[in-house]
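Novice: Input: one structure, supplied below.
The values are calculated or read from the model by the stated rules, or taken from the named source; none is laboratory data. Everything numeric here is computed off the predicted structure, so don't read it as measured data. Here Cβ is always computed from backbone atoms with ideal geometry, including for glycine, and neighbour counts include all displayed protein chains.
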Amino acid sequence: MQTIHLQKDISDEQYQMAVRVLEAINIAVKKPSHKNPVKDDTKMTEQAFYDMIEERFKQPTYPLTDEKRKEWFDV
């Protein structure tokens, strides 16, 4: 069984129409639960974003040699 999550805000009328169309082609529609909303893991606070960047700057860096560039990018 496959599950599809739609993450676009739509009006109640559009939602009802989508449900009717899906049910007409024998696709079961599970009502959204406000107790367990789908977590959007693509959003972060501005502070968390800058903290992530600062953490990356603390990581060691290594020069990219011509050999590695050719190996990795096949150029």
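Novice: Mind listing whichever residues of the stretch 16-30 are outside any loop (DSSP other than H, G, I, E, B) and hydrophobic (A, V, I, L, M, F, W, C)? Walk me through how you get there before you give the answer.
Specialist: Restricting attention to the stretch 16-30, the residues satisfying the condition of being outside any loop (DSSP other than H, G, I, E, B) are 16-24.
Selection gives Met17, Ala18, Val19, Val21, Leu22, Ala24.
Novice: Looking only at the stretch 30-47, how many residues end up being surrounded by 10 or more Cβ atoms within 10 Å (Cβ to Cβ) and modelled with pLDDT of 80 or more? Please lay out each step first, then the result.
Specialist: Filtering the stretch 30-47 for residues surrounded by 10 or more Cβ atoms within 10 Å (Cβ to Cβ) gives 32, 38, 44.
Within this subset, residues satisfying the condition of being modelled with pLDDT of 80 or more are 44.
Total satisfying the criteria: 1.
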